[in-house]
Amino acid sequence: ANANGAPKPPPKAPGSPPLPRQNSKTTPPSPPKVISDKTGRMHFDRVGFLGEGGFARVYEVKDQRGARLACKVVTKASLKTKKAKTKAKIKIHRSLEHPNIVNFQECFEDNENVYMTLELCPSGSLMDMLRRRRRFTEPEARFFMVQLIGACHYMHTHQVIHRDLKLGNLFLDANMNVKVGDFGLAALIENPGERKKTICGTPNYIAPEVLFDTANGHSFEVDTWSVGVILYTLVVGRPPFQTKDVKAIYKRIRDNEYEFPTERVISSAAQHLIQQILTPNPSERPTLHEIVDHAFFTQGPVPSYIPTSAHDAPPDFK
Ligand code: ADP
C-alpha cells in the first residue's frame, strides 16, 4: 500500500499486445479523383473538399467543360435502409427550380457511392457569415429574408415543406444571393389538408406543433415559424430559444419564452413582425404574403444587392 493506504495497482502482465483503437464512426475512403457514372458518360474531376453533414460529404468538382459544381457523396453502405427515403428527397429537390434554391443537377452512382451534383455555393452559409459578423443590419436582414421568403413561397406552391430552414442551410452564391439547400428533411404534401407526423427539424428552429401537437401533425406553417426564428437570429445574433440543453430549448419553445435584448435597438417593426410569426398556433401565423407586406419590409430600405465586403463587416448603404 502507498502513503494514502491505497493498494498498489497490480503490475501489468508482460507482453500483452495493445488493443487496436476502436472507432465507432469509420471514415469512408475518399471518392475517386475522377468521379464518373457506370456508363462513363459523365466525368467530374474532384478538386476540393467543401464540408460534411449528417450523412454526406460534399466535394468541389469540375465538369468536362471546366464548370465548378458541388458534389454530394453518400456511401451505398450508409444508404442500405434509407434508399427509398433518399430517392424521395432527391425527387423533391430535383423538381424545384428557383433562383434562391440550390440547383440540383445530376444524380448517378458507381459501385461504392451515390453522387449528386449541385450548384456550387462557394461563399459558405449565412451561419458562417453570422459567426464572423455576430449579427446583421436590418437592411441586410430584409434583403436575405425577401429571397428566403420567395424560395419558401415557391416550395409551398409546389407542395413542398422544407422542414429544416436554418442559417446553416441558407447558402450564398458569389453575388451574396441566398440559396436554400439541404432537402434531407423535406416533405411533399400529396393531398390537400394532409398533415405530417414525423418529429424532425433542428432544435432551435423547430415549430411548437411539431413537438407538442403530434396528434394533429404539422404542415407548411412550420417553415413560416423557422422564417421567424431566422429573422430573429439575423438581427439579434443568436436564436430566440437558445439555451444550454435541448430539453430546455423545447420547454422555452412550448412556453413561447424569448426576449429581445435591451442593450441594442431592434426596431419595433422587426420586433412586432417576429412576435407575429412566432405565434404558437400555426393557423394564426401570418402567411408569407402578409410577412412581406409588414411594415418591417415596406417602411425600411431593402438593398438591391449586398456587397461581398459584408462577409466581414457591416456594409454602408448610404
Ligand atoms: P447533409 O445533407 O449530410 O446534412 P449538407 O447539405 O449539410 O449535408 O452539406 C454538408 C456541408 O457541405 C455544408 O455544411 C457545406 O459546408 C457544404 N455544402 C453543401 N452543399 C454545398 C453547395 N451546394 N456548395 C458548397 N458547399 C456545400
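Just so you know, all these numbers are worked out from the coordinates, no wet-lab data involved. Here the structure is a predicted model, which is why all the values come from computation and not from measurement. Because the Cβ atoms are built from the backbone with ideal geometry, glycine has one as well, and the counts that use them run over all protein chains shown.
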Original post:
Between ASP245 and ASP128, what is the label-to-label distance in nm when each label sits 7 Å out along the Cα-to-Cβ direction?
Top reply: 3.3 nm
Original post:
Quick one: net charge of ASP312's neighbours, Cβ under 15 Å, K/R +1, D/E -1?
Top reply: +2
Original post:
Gaussian network model of the chain, Cα springs within a sub-10 Å range: biggest mean-square fluctuation belongs to which of GLU257, GLU209, GLU221?
Top reply: GLU257
Original post:
Using a ≥ b ≥ c from the Cα gyration tensor of the chain (square roots of the eigenvalues), is it rounded, prolate or oblate, where a/c under 1.5 gives rounded and otherwise the larger of a/b and b/c decides, a/b for prolate?
Top reply: oblate
Original post:
Which residue fluctuates the most in the chain, going by a Gaussian network model with Cα springs under 10 Å, if the choices are ASN111, ASN175, ASN103?
Top reply: ASN111
**OP:** State which entries of LYS166/LYS247; LYS72/LYS179; LYS82/LYS179; LYS33/LYS83 exceed 22 angstrom in Cα-Cα distance in the structure shown.
**Re:** LYS82/LYS179; LYS33/LYS83
**OP:** Please list, or write none, the aspartates and glutamates whose alpha carbon is within less than 12 Å of the alpha carbon of LYS196, excluding same-chain residues fewer than 8 places away.
**Re:** GLU209, ASP213, GLU221
Original post:
Which residue, PRO307, PRO208, PRO139, has the most motion in a Gaussian network model of the chain that connects Cα atoms within less than 10 Å?
Top reply: PRO307
**OP:** Would you please give the FRET efficiency between ARG264 and SER309, computed as 1/(1 + (r/R0)^6) with r the Cβ-Cβ distance and R0 = 25 Å, to the nearest 0.05?
**Re:** 0.70
Original post:
Of the beta bridges DSSP finds with both residues in the chain, what % are antiparallel, to the nearest 5?
Top reply: 95 percent
Original post:
Ordered by packing density, taken as the mean number of other Cβ atoms within 10 Å over each peptide's residues, highest first, how do 190-200, 117-127, 282-292 rank?
Top reply: 117-127, 282-292, 190-200
Original post:
Using the membrane-span-like helix rule (whole DSSP H runs, Cα extent along the own axis of at least 18 Å, mean Kyte-Doolittle hydropathy at least 0.0), which helices of the chain qualify?
Top reply: 138-157, 221-236
Original post:
Of HIS218, HIS43, HIS153, how do they rank once you tally other Cβ atoms within 10 Å and put the fewest first?
Top reply: HIS43, HIS153, HIS218
Original post:
Any idea which of GLY124, ILE266, MET155 is furthest toward the positive side of the dipole for the chain, if Lys and Arg beta-carbons carry +1 and Asp and Glu beta-carbons -1?
Top reply: GLY124
Original post:
What nm distance separates the two modelled labels at ALA174 and GLU257, each placed 7 Å from Cα along Cα→Cβ?
Top reply: 4.8 nm
**OP:** Note down the nm distance, to one decimal, between modelled labels 7 Å out along Cα→Cβ at THR81 and at GLU109.
**Re:** 1.8 nm
